[in-house]
Amino acid sequence: MMGTKNVVAFVLFALLVFEGYFTEKVLSATVTYDHRALVIDGKRRILQSGSIHYPRSTPEVWPEIIKKSKEGGLDVIETYVFWNYHEPVKGQYNFEGRFDLVRFVKTVQDTGLLVHLRIGPYACAEWNYGGFPIWLHFIPGIQFRTTNAPFKIEMKQFLAKIVEMMKKEHLFASQGGPIILAQVENEYGNIEGSYGVGGELYVKWAAETAVSLNTSVPWVMCVQDDAPDPIINTCNGFYCDRFTPNSPSKPKMWTENYSGWFLGFGNPIPFRPVEDLAFAVARFFETGGTFQNYYMYFGGTNFGRTAGGPLVATSYDYDAPIDEYGFLRQPKWGHLRDLHKAIKQCEEHMISSDPTQVQLGKNLEAHVYYKSSNECAAFLANYGSSLDANVTFNGNIYFLPAWSVSILPDCKNVIFNTAKVVSQRTLGDSSFSATTSVNDFILEPSSWNWYKERVGIWSNNSFMNSGLLEQITTTKDTSDYLWYTISINVKENNIPGQEKELFLHIESLGHAALVFVNKRLVGFGYGNHEDASFILDEKITLNHGNNTIDLLSMMIGVQNYGPWFDVAGAGIFYVALRDLKNDTNDLSFEEWTYQVGLEGEDLDLDNINLANSSLWTTGAAPPVNQSLIWYKVAFLAPEGKGPLALNLASMGKGQAWVNGQSIGRYWPAYLSPSSGCTNGSDCDYRGAYDPSKCLKNCGQPAQTLYHIPRTWVHIGENLLVLHEELGGDPSKISLRTKTGQEICAHVSETDPPPADSWKPNSKFKSQNPEVQLTCERGWHITSINFASFGTPIGKCGTFALGACNADILSIVQQACLGQEGCSIPISTATLGDPCPGVLKCLAVEALCSD
């Protein structure tokens, strides 16, 4: 017999060995791929993924957003890594707060999801400078994204930094972590031709460098047809069903499926109908795809000066399934969740074989996946954009609306059609639309303080230069602002004719500029996202003797995309005076004085420590419609736990801070074109989508509501600071809170039962469709505003009783009131039959609140 000590030691040793075995064999995973799919621990996987960029929200809400993503049917979270904020100064790293990458990856892991880490390090992402740190631009001899030694040294160093950080925290799949994929570079194939042979060599070098880092997971390159083995080349776009990898040994993967599109100041708001998005996803999996990622699944907010350029708005909502504030966008989230459930029902068939195509007619086809000779799953597609169709498949007739796909997990029963939206909807086209569930809190005008910015040169750190300087090289992106100042003596400068009335002609690479003559504002010029350059002509009057022209050039995000985008310039490049006889005096090569930034920035007026400074002026009411003025106000945050929206519709253009945290740039004065929009949600989903197809808010500002994370405010007084560039009325600014949501659903007797209710060999057709209602977590259904079973008319928000109606209000109230969610089967046995032989629908409107 062993002694007691020996027994204890043996048991402890056995436990340690078992624990190590358990960790290695159960928590760690081997990730490879074959021609069909990613293979995780020897099993092919069908994976749904969604992009969530950690700095575009706050760590406090990451768990909830990721949990909602999982509930929406995602398996993977995809994110870029943002080099410029992780290494803002060469050799000095930042992984704190919103930029805590490790915490984000671990949060995904804690939720039970996997990670695709897109290290890049080029991101694009409508992010400032595409994610490159600005100091990179100033390394002697550097050229970005080509076979250039200085660039490759820095890129490899950052790639290695991130990979080693992930390894140290055991975050790769082989270590028991969630990371199953990594990406090097990003969409380089779109612009590779501009770099010639240097581009081809760079692609090979980037691939070799990535593989050499030994992540133990596959690497991908998106939009890179020449990605060398073993790198997987993947598709980005609105549709990827026709994409084919560059090798028969690689799976068909989709890294960016655009759920909508980004927003630019001065543009209408783009949106993508969920019927089209679901169609694109279903077509991709129908034709052999096995991994697709929504870009974005949650878009979030471009806080601070993180927005790319030119003129990318602060909101990065992207019409994503989870909106900018973290609320579910319905019916987009729900319809895609149902799609994911339907595809999941087919997974075992899809990983067992390649699809077999069956032609069903013009623009009509089926793709069949066989698990065995008598077990199959099928996708039936009508990819015509106008005509509905009845098709015959396996001896049965199926109705296919135009531009739709039906999913049959047993080659017999339709459990989902992409064009039939039965999931609930939310009233209003945004989280903070003015409804009964949204409250406005006006800030008291008597509590405002202000500081008037000095026009032109404001300190002794200005400098002089002969000729006009490019802005980014001059400011090094430390500020959006650069002053260009010149003194003109009418008698000495030999202006033709010595006239007082002249025309000032200014040409700029972008993005905007204020023009002052003798400290008086005389003009404002600006570009747009598509072309940030502009020309400004103003009629001015100069006095005899000394005059000053002060030009405040403004950046709205450093360019983030395109060939050689890193050397794209900004700022003023030509200035001339022209008299009434068209004689011109070119001032471009004269002596100019420069000042980087604003006086208020140098004074740090957004700092909460200066809230009580004597720098601020106090009065009964703040000055309105004045350019270059700072405002501050103390406010009490409304009660609640949800996010806040700051309504800046009364302001012009500028930046805003809450308790010292920048909530971003604002520009409500820039209205979108008055024409070109569809009628809200009525945009026809049929036919190919592009960013200009479905637009709303024509003739309106791109953005008037600005996200304030709840964790950025506290009980008691909070500080709001604004720098207004053009002129506005701060007394009309309000805070908006959301205390609930109005939801609705409309389902007919002929709609399929819930996709997850299908079971092999079950009598699926005998099951009932359902109205399913769910509130945001923490809210409950507090009232039923409409309920009808029969032939209700109208749509969500305007439902009315039809000719046929069963009074079912009490049934719905009993099932739903006080619940976070409820479901009501559509059955005449339960709801009654007010009109036998007539196709009936169930329509319900409800109010969720806290």
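The values are calculated or read from the model by the stated rules, or taken from the named source; none is laboratory data. If you're wondering where the values come from, they're calculated on a predicted model, not measured in any experiment. Reconstructed Cβ throughout: ideal geometry from the backbone, glycine too, with neighbour counts over all protein chains shown. Heavy atoms of the whole protein, side chains included, go into the accessibility calculation; ligands, DNA and RNA do not. Shrake-Rupley method; radii C 1.70, N 1.55, O 1.52, S 1.80 Å.
Quick notes
- Ranked packing of 300-308, 593-601, 811-819, most packed first, by mean Cβ within 10 Å: 300-308, 593-601, 811-819
- Across the range 642-750, Cα pairs under 8 Å and at least six residues apart give a relative contact order of 44 percent.
- Accessible surface for the chain, divided over its residues, is 39 Å² per residue with a 1.4 Å probe.
- In terms of the mean number of neighbouring beta-carbon atoms within 10 Å, the peptides 687-700, 36-49, 420-433 order highest first as 420-433, 36-49, 687-700.
- Computed over the chain: relative contact order in percent, which uses C-alpha pairs under 8 Å that are six or more apart: 12 percent
- Here is the short version for the chain: Cys124, Cys222, Cys346, Cys841 have no other Cys C-beta closer than 4.7 Å.
- Taking 12 Å as the straight-line reach from the Cα of Lys632, the aspartates and glutamates in range (excluding those fewer than 8 positions away in the same chain) are Glu444, Asp606, Glu724.
- Zone of Ser386's modelled label, taken as backbone nitrogen in the range 672-703 under 18 Å from a point 7 Å along Cα→Cβ: 684-689
- Inter-probe distance in nm under a simple model that places probes 7 Å from Cα toward Cβ, at Asn518 and Asn363: 6.7 nm
- Surface composition of the chain: carbon and sulfur make up 52 percent of the accessible area, probe 1.4 Å.
- Short-range pairs are left out: with C-alpha atoms under 8 Å and at least six residues apart, the relative contact order of the range 547-606 is 19 percent.
- To the nearest ten degrees, helix 149-168 and the longest principal axis of the Cα atoms of the chain are 50 degrees apart.
- Rounded to 10°, Cα long-axis angle of helix 274-286 versus longest principal axis of the chain: 60 degrees
- For Phe399, the accessible area of its heavy atoms, probed at 1.4 Å with every protein chain present, is near 100 square angstrom.
- Ser823 paired with Trp205, simple spin-label distance in nm, labels 7 Å along Cα-to-beta-carbon: 5.6 nm
- Whether the range 645-780 is rounded, prolate or oblate, judged on the alpha carbon gyration tensor where a/c under 1.5 counts as rounded: oblate
- For Met221, residues with placed amide H under 5 Å, excluding near neighbours: Ile232, Asn233, Thr234
- CD proxy at 222 nm, helix term only [per DSSP H run n ≥ 4: -39500 (n - 2.57); per residue of the chain; nearest 500]: -4500 deg cm²/dmol
- Residue-wise HN-Hα coupling along the range 411-423, computed from phi with Karplus coefficients 6.51, -1.76, 1.60 (Hz; x: Gly, Pro): 6, 9, 9, 7, 9, 6, 10, 5, 8, 9, 9, 10, 6
- Amide H contacts of Cys411 (H built 1.01 Å from N, in plane; Pro and chain starts excluded): Ala378 sit under 5 Å, all sequence-distant by 5 or more or on other chains.
- Crossing angle, helix 332-345 versus the chain [Cα axis fit, 0-90 degrees, rounded to tens]: 40 degrees
- Sequence-distant aspartates and glutamates (8 or more away, or on other chains) whose Cα lies within less than 16 Å of Lys581: Glu499, Glu501, Asp537, Glu538
- Net +/- balance of residues flanking Pro140 in space, Cβ distance below 14 Å, scoring K and R +1, D and E -1: 0
- With all protein chains modelled, accessible area of Tyr383 [1.4 Å, Å²]: 60 Å²
- Largest to smallest accessible area among Ser614, Ser553 [probe 1.4 Å]: Ser614, Ser553
- Set of lysines with alpha-carbon distance to Lys795 below 25 Å, sequence-local pairs under 8 removed: Lys332, Lys420, Lys693, Lys696, Lys738, Lys840
- Over 28 Å between alpha carbons, listed pairs Lys204/Lys476; Lys252/Lys765; Lys539/Lys653; Lys106/Lys759: Lys204/Lys476; Lys252/Lys765; Lys106/Lys759
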